[in-house]
2 protein chains.
Amino acid sequence: MTTGHLSILGMGPGDPELMTLKAARLLRESPVVAWFCRHDRPGHAREIAGDLVSPTATTLRFAYPFTTEIPVSDPAYLVRMARFYDDCAGRIATCLRDGQDVALLCEGDPFLFGSAMYVFDRLHDRFPCTIVPGITAMAGCWSVAQAPMVHGDDVLCVIPGTLDAVSLTTRLEQADAAVIMKLGRNLEKIRTALRQTGREERAIYVERATQPQQRCMKLTEMQGPAPYFSIILVPGREDAR
Amino acid sequence: MTTGHLSILGMGPGDPELMTLKAARLLRESPVVAWFCRHDRPGHAREIAGDLVSPTATTLRFAYPFTTEIPVSDPAYLVRMARFYDDCAGRIATCLRDGQDVALLCEGDPFLFGSAMYVFDRLHDRFPCTIVPGITAMAGCWSVAQAPMVHGDDVLCVIPGTLDAVSLTTRLEQADAAVIMKLGRNLEKIRTALRQTGREERAIYVERATQPQQRCMKLTEMQGPAPYFSIILVPGREDAR
């Protein structure tokens, strides 16, 4: 018996219409559909997929064992997450060995900070894989903000807000245009780095881009906490236009 | 009479199936369809659009006045390109003032190094605009290369190969993961910068990703010239996985 095929599908930033034609087709045809989610949520990727998932499909819901209860710096974090990804990859491998094709759904693009990469790393040597790129969260944000990001020979840096204050400042100094991801409890540290590099005034805050509850404003006008998955945009040089 | 609506549609990297459902819908419905191209070519964005363009649509083909005949550093370059974009924006504005909706097609994503930005800059104050994000060329490349790009808190830098040798080296030193665009005659300079920063061995060369003629290989195995729109990928840190 031939093994199944693993398709890792980028589902885009939230608006189901921002799925690609290819992701929609493979999703509709897939006998097994898998996705990651928080233990207390149905899962954002699954919500985007909506009724494109066949009612007869087998579903594999991979609930993270924790979210922020264990800090990333704790060695236990890596150990427990590795065990979790081993388990997810094992459950997908069982389907693939049985000859079933599997679609693994992924918010945004699968290869840009996506959990799907950890499954891909574990399976791609043994099974045929297709990666279907998705609209990234950052592209959703700059489209909603109507903020052209990079003209001419601007350099764009995509920076995780989880970096320490010194690294953040250094990275921002070097970037012409910047996207800062993973805000949450890092917001004040990021604000300080933007201020120190003279970029606070130009920064744009975007939350839940392309979704009904989306918010978009100048960072200087934004108050209160930011969800982890919100994004700050710093468009590139005006004089490169 | 109400003015028309300008939709700037990301068409993705080449495979027509990598268009979003939203771009495909707006394209089908649009009475006027515009795109940029080289004077001697039909235009890549138009080719991706294929028969989704209505046979009754008015088409506006904007042929660049030159490609590489005038170097970017020549002041005449900026002057002549600005005049060209003024003209394109003017032709779109005429349709919008007549109450016609216009779809402006854009390879990849409209706000990441796209000519559509220069039209947006000229029109967005006067007319209602919608930006539909697209799959970027770089996401097309890393999907085809099956190269997960950024794990953990890797920083991704998107670097134009048109930068000078010193800037290229500095930018590469600072990046965990890098995408180098605009290769063409910059290829040897980029190879040198990759070698000097110890990244040549990990670099992946991708040409015409997601299209029938696509090529993908280790950079060290790639010989001969590279088209301007080919891309080099340097995936992020192995130890962040």
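Quick check on the stretch B:109-116. Is at least one of its residues among the aliphatic types (A, V, I, L, M), assigned to a helix (DSSP H, G or I) and within 14 Å of chain A (Cβ to nearest Cβ)?
In the first step, residues of the stretch B:109-116 are kept if they are among the aliphatic types (A, V, I, L, M); the result is B:112, B:116.
If we keep only those that are assigned to a helix (DSSP H, G or I) too, we end up with B:116.
Still in the list and also within 14 Å of chain A (Cβ to nearest Cβ): B:116.
Among the residues of the stretch B:109-116, at least one is among the aliphatic types (A, V, I, L, M), assigned to a helix (DSSP H, G or I) and within 14 Å of chain A (Cβ to nearest Cβ), which makes the answer yes.
Can we say residue B:102 is β-branched (Val, Ile, Thr) and without any contact (Cβ under 8 Å) to a residue 60 or more places away in the chain? Lay out the reasoning, then the answer.
Numbers: β-branched (Val, Ile, Thr): yes; without any contact (Cβ under 8 Å) to a residue 60 or more places away in the chain: no.
No; evaluated as a whole, the condition is false for this residue.
Within the stretch A:165-210, how many residues turn out to be without any contact (Cβ under 8 Å) to a residue 12 or more places away in the chain and not basic (Lys, Arg)?
Result for the stretch A:165-210: 5.
Can you tell me how many residues within the stretch A:30-50 are assigned to a helix (DSSP H, G or I) and on the phi > 0 side of the Ramachandran plot?
Of the stretch A:30-50, the ones assigned to a helix (DSSP H, G or I) are A:44-50.
Filter once more, keeping what is on the phi > 0 side of the Ramachandran plot: A:50.
Here the count works out to 1.
With B:91, B:80 as the choices, which residue is more than 19 Å from the chain's Cα centre (by Cα), among the charged types (D, E, K, R) and modelled with pLDDT of 95 or more?
Numbers: B:80 fails: modelled with pLDDT of 95 or more.
Criteria check complete, one pass: B:91.
Among the residues of the stretch B:45-72, which ones are over 17 Å from residue B:6 (Cβ atoms), out of contact with any Lys or Arg (no Cβ under 8 Å at 6 or more places or on another chain) and modelled with pLDDT of 95 or more?
Those that are over 17 Å from residue B:6 (Cβ atoms), out of contact with any Lys or Arg (no Cβ under 8 Å at 6 or more places or on another chain) and modelled with pLDDT of 95 or more: B:47, B:48, B:50, B:51, B:55, B:56.
Can you name every residue in the stretch B:177-198 that is basic (Lys, Arg) and at pLDDT below 95? Even if it seems obvious, please write down each step before you answer.
Step one: of the stretch B:177-198, the residues basic (Lys, Arg) are B:182, B:185, B:189, B:191, B:195.
Within the stretch B:177-198, B:182, B:185 qualify.
The values are calculated or read from the model by the stated rules, or taken from the named source; none is laboratory data. Because the structure is predicted, anything quoted here is derived from the model rather than measured. Please note: Cβ atoms are built from the backbone with ideal geometry, for glycine as well, and neighbour counts cover all protein chains shown.
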